[in-house]
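Student: Below: one structure in structure tokens.
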Amino acid sequence: MSAFVRNQWYVAAYGTELGHGLLGRTICGEPIVLYRTGYGQVTALADRCVHRRFPLSESKLVGDTIVCGYHGFTYGPDGHCVAVPGQQRIPRTARVAAYPAVEQDSLVWVWVGDPGRADVSLVPRAPWLADPGYTTVRGMEPLAARYSLLVDNLMDLSHETYLHGGYIGTPEVADTPIRTQIDEDNSVVHVSRHMDDAQCPPFYAKSTGITGRIVRWQDIEYHPPCLYLLHSRVAPTGVLPRPDGTDPDGFHVEVVYAITPSTPDSTYDFWAVARDFARDDEGVSQYLADSNRTVVLQDVDALNLLEQVIAAEPEGTQELSINIDTGGLAARRMLARMAGETP
Amino acid sequence: MIGPAVLAAGMITSPPPELVPLPGRELAGLKVYCVDWVPGTDRLRGTCHCGAQAEASDPARMWEWLLAHPAHP
């Protein structure tokens, strides 16, 4: 089983999940309590009271402090204990870890590795999620499977034809050759599949209104370990971007996944679909939200089953890779390198 | 590494015309490895950032060869 890649940024929550309450999430095996201070600052602390290990996420937020729900140990946003029950002296070691946290592009990112290596300039970007020129629907589904299975799943979209037929899959997805690129300088894996003349699956037919066949481009941009971007362009067959690079006749969907390992065999599957068309159409938003959640749950069911199968098999059981796996193998190699393993 | 027997039939010395970057998706990094699934075939064509190319029919071996840079020809 792959080790966690700790010295990386991970999405812990959507910014909208953090009001003035407490949210517990486990990231790379670390229980974390998240909340927003009165000034709007996102805070991430270890989710265990130093006293008797009670979860702080099940405690009470008073002002900007967390009061442990068991004995009242009280912590500030920096993790230091500011009050203990029944005595004046606060033990010197009474503090919980505070994790670097950043809110960007509507996502809350945390760093569970060496705090000295947490560089906010390296938080990967998904600007469409906070761009007023796009309308976004989103969700999060817990996955009872190791995160690498979701990486494999998303890096090989040929599975759309078989697992998601009737939603986003058509025969052309599995039949179209791909280009895969590893950008070593920027630690990004790209997989492109450009279909010139394809069926329009319901996901795009109902949201765009296109009734005939389409040009469908899928350009994956995976920033290991956490952020996966699928730049999707659809248009009627023959309609391409203009020579000057503008593309007013294309429909653009930015599909964003944040793949966040929780425990060795569970994962947070954050998903978002941002579009630049029918932006004010609530019906389209509802349709895309329902459809994409259905598709995600189809993946969740399949990967939960796969996890049970793999967990019961001896380590290193042989599998077989073919051309469609070129991107997934590239991602595995980059993740193994990040984890310090031999690829 | 891909063995010499695997590479012998697939070695390419000059980039074919279809290996130009895809429109709008040119990569920013300088150290880019590329694997194209050759249309109409079951073959994969790998191109290293140094310009070396090879063909193979197995993606795992293709990456092994590419990422062995600069040990490949």
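The values are calculated or read from the model by the stated rules, or taken from the named source; none is laboratory data. Computed from a prediction, not measured in an experiment: that's the story for all the values here. FYI the Cβ positions are ideal-geometry reconstructions off the backbone, even for glycines, and counts take in every protein chain you see.
Student: Which of the residues that make up the range A:275-312 are basic (Lys, Arg) and not in a helix (DSSP H, G or I)?
Tutor: Just the residues of the range A:275-312 that are basic (Lys, Arg), to begin with: A:275, A:279, A:293.
Passing the criteria: A:ARG275, A:ARG279.
Student: In the range A:119-134, what residues are under 16 Å from A:SER232 (Cα atoms), among the hydrophobic types (A, V, I, L, M, F, W, C) and assigned to a helix (DSSP H, G or I)?
Tutor: A:TRP128, A:LEU129
Student: In addition: Quick one: how many residues across the range B:52-71 are without any contact (Cβ under 8 Å) to a residue 24 or more places away in the chain and either in contact with a Gly (Cβ under 7 Å, 6 or more places away or on another chain) or away from chain A (no Cβ under 12 Å) (or both)?
Tutor: 2
Student: Something else about it: What's the number of the condition A:HIS252 fails, among (1) under 17 Å from A:MET155 (Cα atoms); (2) part of a strand (DSSP E or B); (3) of a type outside the set (A, V, I, L, M)?
Tutor: For A:HIS252, the exception is condition (1).
Student: Which residue, of A:GLY169, A:GLY165, is free of Cβ contacts under 8 Å to residues at least 12 places away in the same chain, within 30 Å of A:ALA311 (Cα to Cα), in contact with a Pro (Cβ under 9 Å, 6 or more places away or on another chain) and assigned by TED's automatic domain parsing to the domain that holds A:GLN199?
Tutor: Values: A:GLY169 fails: free of Cβ contacts under 8 Å to residues at least 12 places away in the same chain.
That would be A:GLY165, the only listed residue that is free of Cβ contacts under 8 Å to residues at least 12 places away in the same chain, within 30 Å of A:ALA311 (Cα to Cα), in contact with a Pro (Cβ under 9 Å, 6 or more places away or on another chain) and assigned by TED's automatic domain parsing to the domain that holds A:GLN199.
Student: Hey, another quick one. Kindly indicate whether any position in the range A:243-254 is surrounded by fewer than 22 Cβ atoms within 10 Å (Cβ to Cβ), in contact (Cβ under 8 Å) with a residue 12 or more places away in the chain, in contact with a Gly (Cβ under 6 Å, 6 or more places away or on another chain) and within 24 Å of A:GLY133 (Cβ to Cβ).
Tutor: no
Student: Follow-up question, since we're still on this one. Within chain B, which strands (runs of 3 or more DSSP E) (wholly inside it) include 3 or more residues that are modelled with pLDDT of 90 or more, more than 20 Å from A:ARG337 (Cβ to Cβ) and of a type outside the set (S, T, N, Q)?
Tutor: Strands (runs of 3 or more DSSP E) meeting the threshold: B:53-56.
Student: Moving on. Can you tell which of A:ASP47, A:ASP64, A:ASP78, A:ASP131 is over 17 Å from A:CYS226 (Cα atoms), in the same structural domain as A:PRO264 (by TED's automatic domain parsing), under 29 Å from the mean Cα position of the chain (by Cα) and not hydrophobic (A, V, I, L, M, F, W, C)?
Tutor: Selected residue: A:ASP131, the only one of A:ASP47, A:ASP64, A:ASP78, A:ASP131 that is over 17 Å from A:CYS226 (Cα atoms), in the same structural domain as A:PRO264 (by TED's automatic domain parsing), under 29 Å from the mean Cα position of the chain (by Cα) and not hydrophobic (A, V, I, L, M, F, W, C).
Student: Same structure again: Would you be able to say whether some residue in the range A:205-223 is over 25 Å from B:MET62 (Cα atoms) and within 24 Å of the chain's Cα centre (by Cα)?
Tutor: Checked against the condition, which is being over 25 Å from B:MET62 (Cα atoms) and within 24 Å of the chain's Cα centre (by Cα), the range A:205-223 yields at least one hit.
Student: Considering only the range A:1-17, how many residues are under 19 Å from A:ASP269 (Cβ atoms) and more than 17 Å from the chain's Cα centre (by Cα)?
Tutor: Let us first name the residues in the range A:1-17 that are under 19 Å from A:ASP269 (Cβ atoms), namely A:1-2, A:4-5, A:8-17.
Within this subset, residues satisfying the condition of being more than 17 Å from the chain's Cα centre (by Cα) are A:1-2.
Matching residues across the range A:1-17 total 2.
Student: Continuing with the same structure: Among the residues of the range A:184-204, how many are in contact with an Asp or Glu (Cβ under 9 Å, 6 or more places away or on another chain) and either free of Cβ contacts under 8 Å to residues at least 40 places away in the same chain or buried (at least 19 other Cβ atoms within 10 Å of the Cβ) (or both)?
Tutor: Number of matching residues: 11.
Student: Further question on the same structure: Considering the range A:274-299 alone, what residues qualify as being in contact with a Lys or Arg (Cβ under 9 Å, 6 or more places away or on another chain) and of a type in the set (A, V, I, L, M)?
Tutor: Listed by number, the residues that qualify are A:ALA274, A:VAL284, A:LEU288, A:ALA289.
Student: If you go through the range A:171-192 one residue at a time, do you hit one that is of a type outside the set (Asp, Glu), away from every other protein chain (no Cβ under 14 Å) and touching a strand residue (DSSP E or B) at 6+ places or on another chain (Cβ under 7 Å)?
Tutor: No, because not a single residue in the range A:171-192 is of a type outside the set (Asp, Glu), away from every other protein chain (no Cβ under 14 Å) and touching a strand residue (DSSP E or B) at 6+ places or on another chain (Cβ under 7 Å).
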